[in-house]
Structure formats: structure tokens, C-alpha cells
Amino acid sequence: MERRGLEALMSHYKTLKEEAWAANMEIPKRGLALYTWGNVSSFDPDRGVFAIKPSGVPYSDLKPNQMVVLDLDGTIVEGNLNPSSDTPTHRILYQNFNLNYKGEIRGIIHTHSSNACAWAQACKEIPLFGTTHADHIQVPVPCTPCLSIEAVTKDYELETGKLIIEIFKRNKFDPQKVPMVLVGGHGPFAWGATASQAVYNAAVLEEVAKMAILTLQANPAATQLPSYITQKHYLRKHGPNAYYGQDK
């Protein structure tokens with residue numbers, strides 16, 4: 001590669017790493033994880049690479065140049081540190097979701113936020129109790145079963161991604177419309193059109209999980225929000241005639 005092309009590529013990696021770093025720094029700011037219990041990646045579908053947090057580096061020490069860039073085969077193309085242990089999960093989700101949804105998933109996050117983890121550990125989907133939930137997705141937040149012993153023994157992180165994909169295929173979920181999931185016994189994953197939007201969706205997931213727990217404490221017999229209210233709230237933000245917010 002000629003020098004000018006190499007410089008342009010390195011500049012692009014620098015931008016991608018900065019995007020991923022900024023999103024990772026939102027994890028402690030939003031109270032989504034303690035210590036090193038989370039990671040965000042930022043994906044470039046044109047070049048087929050993503051930048052992700054290095055494994056085990058505390059957020060207080062994390063620098064943009066420490067982010068690791070990999071291709072979709074899992075090969076490191078830029079960076080000197082080991083990437084997050086969850087990298088295979090991110091990689092297979094990017095491969096599958098973008099193959100079927102035109103490259104619109106460009107950020108993925110995994111955290112261990114308390115309330116979302118509580119639902120995951122209970123292996124329960126989060127019921128759609130109210131309009132806060134309906135503003136973002138029109139279905140209960142899905143939860144996978146726990147991985148099988150064969151899956152854990154074979155390739156734990158890769159099989160985690162495969163399990164998420166299986167649940168979405170089985171339920172015919174569009175990951176652009178259902179940008180979050182719980183992995184049974186483990187915790188939440190979320191994604192979006194950018195790394196920062198993935199963090200936003202993870203924060204929404206945590207708040208919805210908390211609200212659902214409080215709802216059941218207030219009324220253990222609480223029932224799902226009527227579908228006509230769910231549809232109204234979702235479509236006023238995301239529908240063809242959406243009117244929430246300001247005109248662009």
C-alpha cells in the first residue's frame with residue numbers, strides 16, 4: 001500500500017478507535033457497569049472492521065489509542081493489546097445482523113448493569129408494562145436460555161452470539177427494531193446505528209428493567225400494556241408519520 005493510502009487508513013482507524021473509546025467511557029458515566037465489566041465496539045461496514053475495548057483495562061486508564069481494531073475474521077489489524085474477551089460475540093453479531101440488515105448495526109455494547117442482569121439471571125424476558133418500554137421496542141425484551149454445556153465447552157463467547165442470533169431468527173425479530181437482548185444467566189447486550197446509540201439503548205434497557213421490577217413489587221399481577229397504546233407510543237417516535245421531537 002502506498003504511503004498516502006496507508007496514512008488515510010491509519011487516520012480512519014484513529015477515528016474508529018476514538019468513537020469506540022468515547023462510547024466505552026459512557027459505561028461508567030451511565031452506571032452501566034463496575035470496574036471493567038462491560039465493553040462497546042464501533043463497526044465500519046465499508047472496511048469490515050470494528051474497534052473494541054481492550055480486555056481488562058479499567059475505564060479510568062483507558063485511552064483512545066488502546067482500542068483494538070479487528071476484521072470480521074477476528075484478526076487484529078491495528079492495536080497492541082488483547083481485545084475484549086467478548087469480541088467473538090460482537091464479531092458474529094456484526095456478521096449476521098449486517099448481512100441481513102444492510103450494514104445498519106454499527107455499534108454493540110455488553111454490560112453487567114444490575115437490573116438487566118437480574119432479569120437475565122432469572123432467565124426471564126422483561127414484560128412490556130408501560131409506555132417507556134413501548135417508546136423503544138414493541139415487544140418484551142427477549143431473553144435467551146442459558147448456554148448448553150456443549151456450547152460453553154466449544155467456544156463460549158462465539159456461541160453466545162450464535163444463541164442471540166438463533167433467538168432473533170426463531171422469533172422473527174428485526175434487530176433494528178429490537179436493539180436489545182438478555183443472555184440467560186449472563187447479562188444484557190444492545191446495539192444501534194452507532195456506538196453511542198448502542199450505549200443509549202443499553203441505558204434504556206437498564207431503566208426498563210428497573211421499572212419492570214418496581215412494577216411487579218407494586219402489583220405482582222401487573223399485565224402487559226394494551227397493544228394500541230404500545231403501537232401509538234412506538235410509532236409516534238419511529239413510524240412513518242413520527243412527530244416526537246423537532247423537525248430536522
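Going through (1) farther than 29 Å from LEU235 by Cα; (2) among the aromatic types (Phe, Trp, Tyr); (3) crowded, with 22+ Cβ neighbours inside 10 Å one by one, TRP37 falls short only on (3).
For the range 50-164, please list each of the helices (runs of 4 or more DSSP H) lying entirely inside it that holds at least 3 residues being over 24 Å from GLU18 (Cβ atoms) and more than 15 Å from the chain's Cα centre (by Cα). Before you say what the answer is, go through the steps one by one.
On the way: elements: 87-100, 114-121, 131-134.
The helices (runs of 4 or more DSSP H) meeting that bar are 114-121, 131-134.
Entry remark, the range 47-64: residues being surrounded by 14 or more Cβ atoms within 10 Å (Cβ to Cβ) and either within 25 Å of ALA193 (Cβ to Cβ) or free of Cβ contacts under 8 Å to residues at least 12 places away in the same chain (or both) number 11 in total. Across the range 84-135, the qualifying residues are those that are loosely packed, with under 15 Cβ neighbours inside 10 Å and among the small types (Gly, Ala, Ser), and the one among them that is nearest to PRO220 (Cα to Cα) is ALA122. Applying the set (1) of a type outside the set (Ser, Thr, Tyr); (2) surrounded by 23 or more Cβ atoms within 10 Å (Cβ to Cβ); (3) under 16 Å from VAL40 (Cβ atoms) to GLY187 leaves exactly one unmet item: (2).
Could you say whether any residue in the range 25-32 is modelled with pLDDT of 95 or more, part of a strand (DSSP E or B) and either over 30 Å from MET211 (Cβ atoms) or not aliphatic (A, V, I, L, M) (or both)? There is no residue in the range 25-32 that is modelled with pLDDT of 95 or more, part of a strand (DSSP E or B) and either over 30 Å from MET211 (Cβ atoms) or not aliphatic (A, V, I, L, M) (or both). For the range 161-220, the candidate set comprises residues that are among the acidic types (Asp, Glu) and in contact (Cβ under 8 Å) with a residue 24 or more places away in the chain; within that set, the residue that is nearest to ALA151 (Cα to Cα) is ASP174. Filtered by the rule that a residue be touching a residue at least 40 places away in the same chain (Cβ under 8 Å), closer than 13 Å to PRO127 by Cβ and of a type outside the set (Val, Ile, Thr), the range 221-248 gives ALA222, GLN224, LEU225.
The values are calculated or read from the model by the stated rules, or taken from the named source; none is laboratory data. Note that the coordinates shown come from a computational prediction; the quantities given were computed from them, not determined experimentally. Because the Cβ atoms are built from the backbone with ideal geometry, glycine has one as well, and the counts that use them run over all protein chains shown.
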